[in-house]
1. How do the peptides 590-601, 396-407, 51-62, 370-381 rank, highest first, by the average count of neighbouring beta carbon atoms within 10 Å per residue?
2. Can you check what the net charge comes to around P578, using other residues whose Cβ is under 11 Å from the Cβ of P578 (Lys, Arg +1; Asp, Glu -1)?
3. Once you measure Cβ to Cβ distances between cysteines in the chain, which Cys have no partner under 4.7 Å?
4. Charges on Cβ only, +1 for Lys and Arg, -1 for Asp and Glu, centred on the Cα centroid of the chain; of P370, L178, T123, which one is farthest towards the dipole's positive end?
5. Going by Cα centres, the stretch 475-548 and the stretch 119-179 are how many Å apart?
6. Over the chain, what is the percentage of antiparallel beta bridges among all DSSP beta bridges, to the nearest 5?
7. Ranking request for peptides 521-534, 242-255: highest mean number of other beta-carbon atoms within 10 Å first, then the rest in descending order.
8. From the residues P578, G266, I531, which one has its Cα farthest along the dipole of the chain in the positive direction, the dipole being from +1 and -1 charges on Cβ of Lys/Arg and Asp/Glu about the Cα centre?
Amino acid sequence: MKATEHLAGARFWVLVIALLGAAALIAYSNFASRDLPPEPPSTATPSEVEVSRVENFRLLDQHGESHELFYYSDARAIVLISHGVGCPINRRYSRRINELQAEFAPRGVRFFLLNANPQDDRTDIKKEADEFQMAQPILKDDTQFVVRGLNVTRTAEALVIDTNTWKIVYRGAIDDRLDYGTQRAEAQHHYLQDALQAFLQGDKVEPARTQPRGCLIRLSGKFDAGHPPPTYTVDVAPILRAKCFACHQEGGIGPWTISDYHEVAGWSSMLGEVVRTKRMPPWGADPEYGHYSNDASLTLEEEKTLLAWIEAGTPRGEGADPFQGQAPVDQGTWSLGEPDVILDFPAQVLPATGILPYRYEWIEIPMDEPGWVRAAEIHMGNKRALHHVVILLAKPGRSFQDLLRESNRSCFVAFVAGNTRYEFPAGTGKFVPAGSRFFVQLHYNSTGREEVDDSTQLALYLSDEEPEHELFVYATSDRSFVVPPGAREYPVTAVTTVTRDMVMYDVGPHMHYRGKSSRLIAEYPDGTSEILISVPYYRFDWQMVYRFAEPKRLPKGTRLVSEGVYDNSAQNTQNPDPSQTVRFGIYSRDEMHKCYFSYRYADEDEPQGDASQGDES
C-alpha cells in the first residue's frame, strides 16, 4: 500500500472517531439535560434532619433592613432558602424562586433567602441579588447559629415553615432540575411547589424531605467541633461584665441579677433568645455605618461566644467565680467627682402593674450666676423602675408651650439605664443662664410591686472658664405626617439644611411606639452622600444617643435627611392601637419624627454665652 493510501486511511479513522466522540457527547448532554433519574427521598434518620421547632431570630438583609422571624406570624407559611454568593445552583434557581414567590405570595407565603457564608459581606450579597434579579430579602446569618439550629449545611436548600406551629413541614431541593455540573431542560419533580400546594390545601406534604443540591457552607468560628467550648469563667464572664452588668446587678433595672455561675446558667436559655432576637443588649445602630464611642452592642465574636457557650451546655470552667460576692458598681458616689450643683428630683410613687405614663416635673436650677456646664451625671434613686430621663433647658421666662415650640433645640441631656453620665466633648460646654429651670421627663417601668423613687438626683459639673465652643442641640423634624390604620411600613422624611460649617458629635433618632426604623443621611454640597446612622430596629423604650467615635464635619449647604419608617399594624406588638390614624403629638399614643444631634459651629469667631443667638443649624 502506498504512503498516500496509508495517510488517507488514517484520516478516515480519525474522522470516524471524532464523529463517534461527538455523538457520545451529544448523547451524554441529552441524558444530562433530560434523563436524570428522579431524586429519591432522603434515607437520613429523623435525628439528622428534623428540627422540633424553629427558634425565633432577627437578622439584617442586604439592604440593612431588620427582619424578625416571628413578626411574620400572620403569613400562612414562610419559605427560607439557603444562599451563597457565587453558587451556580443558587444563581440558576433565582428566576424559579421569583416565579414561586409570584405564585404563592398572594396566598400568604413569605419568601426569604438566608446567607451564612463567612466570605460574603453585604456589598457582595447586594451585587449578586441585583445581577441575578433576586427579589427576596437575603438575611445575613453572621454568627451561623441560625443555619446551625436549622441543620442547614448547603446552599439552595428550601425550608417551608408552618407559622402556626413554627415547625418545618418540608425541607430539601426546590426541584430536580439541577445537579452538580448538570441540568435538565425541565424539572420532573417540583418538590417545593408541590409541598406549598399541599400545605396550603391542608393535605399531607409528601415527600416532606428530599436531598438538596447546593454548595457546602463553611461553618466557621472559634468554637467549631474539635475546639474546646467557651467557659463561663474564662470567656463568658468578661462579656457579661462589659456589656450586661451595669443593668443586671443588685438593685439594677435588669430583671435578674448576674451574681454567680448558677444564676447565669439558669438564665442561659433566655439569654440566648434575647441575643438571637437582638433585644439585648439595647443598641440599635447598624455596624455597617459608622463607629460609636458608647457602643454597647455585642461584637460578632462576643455573640458567637455566648451562643456557643449556651449550645455547649453552659460549661463553668476552672477558677474562682468572677461575680461571686461582686459589689454593685454604683455605691452612691459620683463617678465624675464632687459636683458643683446637685438637684433633687421630686418623689414618685409607682403602682405595681401596668404601662406607666411619662411623668413630668419642673426643677429649679440653684445657680445665682450664669455658668457653663461641661458634664452631667444622674443618680437613679430606684434603678429597678426608672428607665430613662430626658431633661430640657427652659431659660428665664420660657413656658411649657415655649419648650414645645423649641423642642428641636431645647434638649439639654438624656440618660438611660446603664448610661448615667455624659461628659460633653472636649472644648465644648452648654450655657445655662441664671434663673433657668429644667423640665424633666421621667419614664418608669412597673415591676410587679409598688415602688417609690425618692432619691433621684442630677449633678452638674461647671467649667472654670468659658469653653472654646458652645455645644448646641437641634433636630430634624416633621409634624405633617399621617400614618394610616394598619400601615406596616409608612415612610416619613424630614430635611434640614446646614447654614454654617459645623461639627456633629452625636445623633439620637426619636419616634414613639410605632417607630420601626430610622436613618440620618448627609447629602454634601459636592454631590456625595453618607449614611451617618441607620437604626434598623428602633425601640421607643430605649432612648439611645449614638456618639460618633470621630466627630462629623459638615460643610455649609449640607442637607440632613432623616428617614423614618412606621409600623401601625397589629404585627407590631408595641402598637397601642392599630385601628387608629396616627399624627404628631407629645404623648406616646401619638407619634413623632425627629432626629436629634449635638453640634458646634466650626467658626473661630462663633458667638459665646447665648445659645439663642446661634442654635439654628
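Bear in mind that the values in this text are calculations on the coordinates, not laboratory data. All values derive from a computational prediction rather than experimental measurement. Virtual Cβ from ideal backbone geometry, glycine too; neighbours counted across all protein chains shown.
1. 590-601, 370-381, 51-62, 396-407
2. 0
3. C244, C247, C411, C595
4. L178
5. First find each Cα centre; the distance between them is then 31 Å.
6. Antiparallel: roughly 90 percent of the beta bridges in the chain.
7. Top to bottom by mean Cβ count within 10 Å: 242-255, 521-534.
8. My answer, from the dipole projection, is P578.
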